[in-house]
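Where a number appears in this text, it was derived from the coordinates with a stated rule and is not lab data. The structure presented is a predicted model; accordingly, all values stated were derived computationally and were not measured. Quick reminder, even Gly has a Cβ in these numbers, built from the backbone with ideal geometry, and neighbours come from all protein chains shown.
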Amino acid sequence: MPFQPTTPQIDAGSTLPPRPVKAAMLRGAALRCPACGHGRLFRAYLKVNDRCPDCGEELHHQRADDAPPYFTIVIVGHIVVPLVLTVERMFAPAMWLQIVGWTLITLIACLTLLPIIKGTLVGLQWGNYMHGFDPRSGGREDWDGLDPERFAPAKPQS
Ligand SMILES: [Zn+2]
């Protein structure tokens, strides 16, 4: 059965013009719209605007999900843990100071990095037409653009 998108805007077999993925990721990292680089990406700390307030680009298609905290934990962990070990070996400060200090440093690093990484991932998704950012998806956020049969109309049960 041939693939028929539910709300065709562009033929499923057509190719899309390439988007500047690196620039989109850098705009997202700057907490700006990946399309124009001017409008604010977030309406709250980690809440992505449904549309860019500047250019109107739909941003609600983003599916960053668990990736931002995952990458934040990996990055912050790889910075803080070696620092903790180095400071302990070189200076051996009081335990209470280390507990308070490293907790604060870790919290501040995580809270700072989280929106930057989320913005970068939204830029990556937008730049690669992932999920609903692909105009061929008809707004489906679970669209992967790879398996047309997956989105074929259900066959009648007999
Ligand atoms: Zn924009």
Which whole-Hz couplings ³J(HN,Hα) result when phi for each residue of segment 123-129 is put into the Karplus expression 6.51 cos²θ - 1.76 cosθ + 1.60, θ = phi - 60°, listed in order with x for Gly and Pro? x, 4, 5, 5, x, 9, 6
Here the FRET efficiency for Cys55 versus Val21, based on Cβ atoms and R0 = 25 Å and rounded to 0.05, is 0.90
Where does each of 24-33, 93-102 land if you order them by average Cβ count within 10 Å, highest first? 24-33, 93-102
Can you give the convex hull volume per residue for the Cα atoms of segment 65-146, as a whole number of Å³? 93 Å³
Subtracting the Cα-Cα distance from 0.36 nm times the residue separation, let me have the gained length for Leu111 to Thr86 in nm, one decimal. 6.7 nm
